[in-house]
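The values are calculated or read from the model by the stated rules, or taken from the named source; none is laboratory data. Just so you know, these numbers come straight off a predicted model, no measurement behind them. Glycine also receives a Cβ, built like all others from the backbone with ideal geometry; neighbour counts cover every protein chain displayed.
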Amino acid sequence: MSDETKDLVQRFIDGDRKAFAELVGRYKKRVYSVAYQMLGNHLDADEVTQETFVRIYDRRHLLRNVNYFTSFLMRIATNYSIDIIRWRQKDFVPIDDDQSVAAPVKAELADKTEMPDKQIENKDLFERINRAVNKLPPRQRLTVVLHDIEGYSKAEVATIMGCPQATVRSNLHIARSKLRKWLAKKV
Amino acid sequence: MPCRQYEIYFDDYIADSLNDSQKNLLEKHLEICPDCRNALKEEKELLTLLKSSGTPDPGETYWAGLESSILSKTIDRETIPSEQQGFEEKTPVGIISRYLIPLAASFILFVASISVSVGNPADKSPVLSQGEEYKLYAAEKFSDENRINPELFTSIMGGSPGSFGRNLALIGSFGDIK
């Protein structure tokens, strides 16, 4: 975190609304992106983004160390996303019942990933990937979203999730095995 | 070492964060294990795909609207009393109104109830159990003034005249039944 951002966070903690507006401008896309990856749709991601900033505004007095701002913000966002997922658990469809995830994407993947510079345009493929990610249990999904999709380090993910790095590693290993299995099925 | 234990190193191998000995060990295993080679290839493909599966951008209009919406919500919350926002009032007045007033009220009620129950010791009547109350009731009912003829009683209730006393005792014992 740069000194400028630290200064902004300190001013925000002290009650400066301009600093808060600036922080919203800087972090809104990150929060929205994680929420979107976790929940898979715009409406929920929008709700999580707004609620996250409102909550951090209310709880700014709890933020004693400016260095933890990003982790604190992302923890609020991911916890709220997990809450939404759990509220909807009753509508959960087991992976084995959803054959659409297990489409033959392996050959397609190999073909696309051989050209990393080329932008992948296959919307259908991404939808299947997103559906597969959305079938993971909430904590495993969160680990994959933060580490593999959003690019946070394992240490950062551990801080956000409030767990040891070994748990992050374990979650990643299990989640990736499931994703590989689900996506390679029927090849 | 079984294949499962090598799989744990795939992530660090892809990120190139294994030390030389671990890397050599894994690479030697990959040379002889087609399953692990395949699994590693799949993991690389999966990671590339996940990294490239970006979030769709909802557009500048949305971002501008989002910022103004968040800022207006937080302005609204500044005007809402802190109690409704889930905060505890930390001022002395807040602490007095939240804790001391109910505490004082409950103390006054306690003192009042003690003074009423103590009252005049002469007025104090013994506390009777339910069984004792029944016995007292039965004794009054069958006192000399109200006594009924045992023969008449047994003819109504059945049994021998000698069982009258036992029936009376039974009436008294009903109160002990829980």
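Consider B:Leu25 against the criteria (1) farther than 30 Å from A:Leu43 by Cα; (2) surrounded by fewer than 18 Cβ atoms within 10 Å (Cβ to Cβ); (3) modelled with pLDDT under 85: it satisfies all of them except one. Which criterion is unmet?
If we test B:Leu25 against (1) farther than 30 Å from A:Leu43 by Cα; (2) surrounded by fewer than 18 Cβ atoms within 10 Å (Cβ to Cβ); (3) modelled with pLDDT under 85, just (3) comes out false.
Each row is one residue, and each column tells you yes or no for (1) more than 10 Å from chain B (Cβ to nearest Cβ); (2) farther than 15 Å from B:Ser69 by Cα; (3) over 19 Å from the mean Cα position of the chain (by Cα).
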site	(1), (2), (3)
A:Gln10	yes, yes, yes
A:Ile13	yes, yes, yes
A:Arg17	no, no, yes
A:Phe20	no, no, yes
A:Gln37	no, yes, no
A:Val48	yes, no, no
A:Thr52	no, no, no
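How many residues does the stretch A:121-171 contain that are more than 20 Å from B:Ser52 (Cβ to Cβ) and in a helix (DSSP H, G or I)?
Within the stretch A:121-171, residues that are more than 20 Å from B:Ser52 (Cβ to Cβ) and in a helix (DSSP H, G or I) number 17.
Of all residues in the stretch B:1-60, which are of a type outside the set (S, T, N, Q), within 11 Å of chain A (Cβ to nearest Cβ), outside any loop (DSSP other than H, G, I, E, B) and under 46 Å from the mean Cα position of the chain (by Cα)?
B:Arg4, B:Glu7, B:Phe10, B:Asp11, B:Asp12, B:Glu43, B:Leu46, B:Leu47, B:Leu49, B:Leu50, B:Lys51
Need the failing condition index for B:Ile80 against (1) modelled with pLDDT under 90; (2) surrounded by 12 or more Cβ atoms within 10 Å (Cβ to Cβ), just the number.
(2) is the only condition that B:Ile80 fails.
Would the stretch A:73-81 turn up any residue that is touching a residue at least 60 places away in the same chain (Cβ under 8 Å) and either hydrophobic (A, V, I, L, M, F, W, C) or within 11 Å of chain B (Cβ to nearest Cβ) (or both)?
Checked the stretch A:73-81: at least one residue is touching a residue at least 60 places away in the same chain (Cβ under 8 Å) and either hydrophobic (A, V, I, L, M, F, W, C) or within 11 Å of chain B (Cβ to nearest Cβ) (or both).
Counting only residues that are of a type in the set (S, T, N, Q) and within 10 Å of another protein chain (Cβ to nearest Cβ), which one in the stretch B:61-73 is surrounded by the fewest Cβ atoms within 10 Å (Cβ to Cβ)?
Here the residue is B:Ser68.
Take the residues in the stretch A:137-165 that are within 11 Å of chain B (Cβ to nearest Cβ) and more than 22 Å from A:Glu127 (Cβ to Cβ); name whichever of them is surrounded by the most Cβ atoms within 10 Å (Cβ to Cβ).
A:Lys154
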